[in-house]
Amino acid sequence: MTDFLLELRSEEIPARMQVKAKEDLARLFNDALAKAGLAAASVETFATPRRLALIATGLPLATDAVSEETKGPKVGAPPQAMEGFLRKAGLTQDQLIERDGVYFAIVEKAGRQTADVLAEAIPAIIRAFPWPKSQRWGAGSASTESLRWVRPLQGIVAILGDDVVPCEIEGIISGAATMGHRFHHSGPVNIGNAGDYAEKLRDAHVLVHFSERCALIRNGAKAAAAAAGLTLVEDEGLVVENAGLTEWPVPMLGRFDPAFLDVPQEVIQLTARVNQKYFVCHDSAGKLANAFVCTANIAAHDGGAAIVAGNEKVLAARLSDAKFFWEQDLRVALDDQAAKLVQITFHEKLGSVADKVERVAMLARWLVEEGIVKGANADDAERAARLCKADLVTGMVGEFPELQGLMGGYYARAQGEADAVADAVRDHYKPVGQGDDVPTAPVTVAVSLADKLDTLAQFFAAGMPPTGSKDPFALRRAAIGFLSLLLQNDLRCSLKDMLLATGAATSFDSLEEFLVDRLKVQQREAGVRHDLIDAVFSLGGEDDLVRLLARVKALQAYIITAEGANLLAAYKRAANILKAADGVDAAAPAPADLVAEERALLTALDTAAPNAAAAVDAEDFEGAMAALASLRAPIDAFFEGVMVNDEDPAKRAFRLGLLARFRDAVHRVADFSRIEG
C-alpha cells in the first residue's frame, strides 16, 4: 500500500469556487478509482487560490485480476443475436460457456499497475471538471476542443509513493515540482511524496489546509481588534472568503475617518464587507467603530504599514461614495421617490411597483380596520405601505440592493415619519425565510402581511404558481412568511376572506391548497404531523389557520395516547363496515330489544356528539378530544359484543346507524380516515 499526491496548479481560483472544487475533485478521483477496481483508504483534498490538491492513502500498487461474466443469448437464438453478442464480447462461439440453456462470455482481465490507472485518470479528471465558469487560453484556445479550466492551468504534480506518475495534457507534463508563495518564495518546490507536501509548502509560505487558514484569519482578526481595545464583528462568511483569497493570511487593523460614522452602520459594514472583504469592529459601548480588519496575503517587512495605508485609502473612497448616496437620497422626499415607482415593472402581467404599492396600502388598511391586526392605526398602516417600496429608486439601494427596506426605514425616520411607520418600512420584507425574525409590531405586521398576501394572490390569479422545483417569484418563501406572521401574532381571520380582500379575480382553491402544503412544511420542524393537518382541513369550513393549528395540536396530543390509538382503530373499523354497507340511515329506529352494548353506545353518543360539537365551536379543542375519549370504551364493547351485520334487517340498520353517528361525531373534530396508523 502507498499514498498518492495530485496537485493541479493554476492562476487564481475564485474563493467562492474552492470548497465545491475540493468536493468535485474527491468525487471524480474516487469514481475513476472505482471504475478500475481500486479504492483508497482515505482521500483528503486541499484548495488555495493557486492550487487544487488531493492526497489518497492506502492505495495498492496494482489492481487484482478479475473475471468478468456477461450473459448472452439463449441456445438456439437467431444467428443475428449470436453474431452481435460475439462481436461485443470479442470472442468466438466455441469460447462461450453454456449454462441452463444460456450462453455466457467469461473474460479474464489481468491486473493493472495503479500508476497506469492514475496516468489515464488524471487527464480525464481535468477535462471532466465541472467548474461553474471556465476558460480556454493560449494558442490552442481557438479550438472548441482545447482544454478548459477555471484559470490557465500551469502545472501538475502527480506522485505515487516516491515516483512521479507520468501524464500529459495540452503540453503540461506532470512532475514533482510546484511553486511556493508568489512573493515569499522564488523557484520551484520539489515534493518528495504525499507525506511531505504540506510541510514543504509551509516552508515556502503556503498553507494548504483551508481550515488552518480559516483559524489564522478568525483568531488573528479578533486579536488585531482586541489590541486596539475593540471587538471584532464576527463573520464566518468573511473568514471563508478571505481564506480562499490568501495562501499566507495576515490580518491587520486599519482605520477610517470618524465622519463616515454619520452614515448608517449597515451601509458601512456592507461597503467594507462586499466591496473589500473587510471585517468591522465595535467599540466598548457596542457601537460601530471607525476601524476595520483586512487580510493581507503577505507578511510585510514594514509590519504591514503600507498595506494598511493602501486599504485605508481604498475604503475611504468607497465610504465617500456611500456617504454621497446617503446625503443625496435624504434630499428627496420619500413621497417623491414613491412617485417614481410607476416606472418600475413589478411583472408584465401585474403592472408596476406603484400598482403593487396601491394594492398593499388598501390591504394593510383593511387588515387593521377589520380587526385582524389589532393595536395598529389604520392611517399609519396605509402610510407605511405607500412608502415601503420607495427606497427601490434611491441611489443607496441601487448600489446595495441588499439594503432595500432598511434604507427606507432610515430615510422615513430622518424625514419625520412616525416611528411605527419607519419601523414598518424597514421590516416589511420580514420574515424573509425560515428562521428569520417575525415582526410583532402591529403596523409592521399589517404591511408585511399585506405585501406577502398580495404577491401570493396576484401570481396565482395570473396563473403563475410554483411548479416542481421552479419558483421564480419566491412564492414558497412568501407563503412561509405569510404563515409565520399569522401564527406568531395569533391573527384570527378566514383565509378565504383575506384572499377575497386582495381583489384578485380568481378561484382561490389552488392557493388555499398551496398554503396548507406550506403549513405542513413549516410545522414539520415543530413536530406537527402533516396527516393531522389534512385530517382537520379536509373536513372543510376551517380556514382560520391559527384555529386549525390549535385543533391539530390538540388532536396530536390525543392521538398519540393509547386511548387515542384505540379510538382511531375503532373509527377505521367502523368506516370500513360503513363503506361496504348500502343506504345507511343514522336515524334508523332502535329495536325494542336493545342489548346492553347498543344501549351504552347510544347513551354515550347522545352525550359525546353534542359535547364535541359544542367544544369545537367554543374552540375548546382539548374538551372536544375529551368528549371523543368518552366513546372509546362503549365502541370497543360494541364491537366485542355485537354482530353489526345481523340477519334481522331492523337490527342491522340500527347498528349501522350507530356506527354512522359514531363516525359523524368523530368528524366534528377531524376526518380520522386521513390519519396514518
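Once C-alpha pairs closer than 8 Å and six or more residues apart are averaged by separation and normalised to the residue number of the chain, the relative contact order reads 7 percent. Using 0.36 nm per residue and subtracting the Cα-Cα separation, the extra length available between Val19 and Arg331 on full extension is 107.9 nm. Here r is the Cβ-Cβ distance between Asp355 and Asp94 and R0 is 60 Å; the resulting FRET efficiency, rounded to 0.05, is 0.15. Among the protein heavy atoms of the chain, carbon and sulfur supply 51% of the accessible surface, probe 1.4 Å, non-protein parts ignored. Over all orientations, the range 558-660 has a Cα convex hull whose mean projected area works out to 6.6 square nanometres.
Legend: calculated FRET efficiency, Asn30 to Lys340, from the Cβ-Cβ distance at R0 = 56 Å, rounded to 0.05, equals 0.50.
Per residue, the chain exposes 46 Å² of solvent-accessible protein surface, assessed with a 1.4 angstrom probe and all protein chains in place. Applying both filters, DSSP loop and at most 15 other Cβ atoms within 10 Å, to the GluC sites (Glu not before Pro) of the range 555-641 gives Glu619.
Spin-label pair Asn377-Gln80: with each label point 7 Å from Cα along the Cα-Cβ axis, the two points sit 8.7 nm from one another.
Evaluated with a Cβ-only charge set (Lys, Arg +1; Asp, Glu -1), the chain carries a dipole of roughly 1180 debye about its Cα centre, given to the nearest 20. The count of lysine pairs in the range 362-511 with alpha-carbon distances below 20 Å, taking only pairs 8 or more places apart or on different chains, stands at 8.
Under a model in which nothing but the beta-carbon of Lys, Arg (+1) and Asp, Glu (-1) is charged, the range 544-646 shows a dipole of about 420 debye around its Cα centre. Available extension along the chain between His184 and Ala569 is 131.0 nm, counting 0.36 nm per residue and deducting the alpha carbon span.
Placing one equal scatterer on every Cα of the chain and applying the Debye formula, the log10 ratio I(q)/I(0) at q = 0.06, 0.11 Å⁻¹ is -0.64, -1.11.
Model label points for Ser510 and Ile560, set 7 angstrom from Cα along the Cα-to-Cβ axis, are 3.7 nm apart.
Only lysines eight or more places from Lys651 in sequence, or on another chain, were considered; those with a Cα closer than 27 Å are Lys572, Lys579.
The Rg/Rh ratio for the range 454-566, using Cα coordinates for both the radius of gyration and the Kirkwood hydrodynamic radius, is 1.00.
Modelled label positions at Glu199 and Asp517, each set 7 Å beyond Cα in the direction of Cβ, lie 5.9 nm from each other. Qualifying GluC sites (Glu not before Pro) in the range 217-304, where qualification requires a DSSP coil assignment and no more than 14 other C-beta atoms within 10 Å, comprise Glu234.
With the whole protein complex present, Lys200 retains an accessible surface near 80 Å², based on a 1.4 Å probe. Using 0.36 nm per residue and subtracting the Cα-Cα separation, the extra length available between Asp302 and Ala226 on full extension is 25.3 nm. Cα centroids of the range 33-52 and the range 343-414: how far apart, whole angstrom? Each part reduced to its Cα centre gives a spacing of 52 Å. Estimated from helices alone, the mean residue ellipticity of the chain at 222 nm is -15500 deg cm²/dmol (sum of -39500 (n - 2.57) over DSSP H runs with n ≥ 4, per residue). Using the Cβ-Cβ distance between Met1 and Ala110 with R0 set to 30 Å, the FRET efficiency works out to roughly 0.90.
The values are calculated or read from the model by the stated rules, or taken from the named source; none is laboratory data. From a predicted model like this one, the values you see are computed outputs, not experimental measurements. Quick reminder, even Gly has a Cβ in these numbers, built from the backbone with ideal geometry, and neighbours come from all protein chains shown. Accessible surface areas use protein heavy atoms only, side chains included; no ligands, DNA or RNA. Shrake-Rupley method; radii C 1.70, N 1.55, O 1.52, S 1.80 Å.
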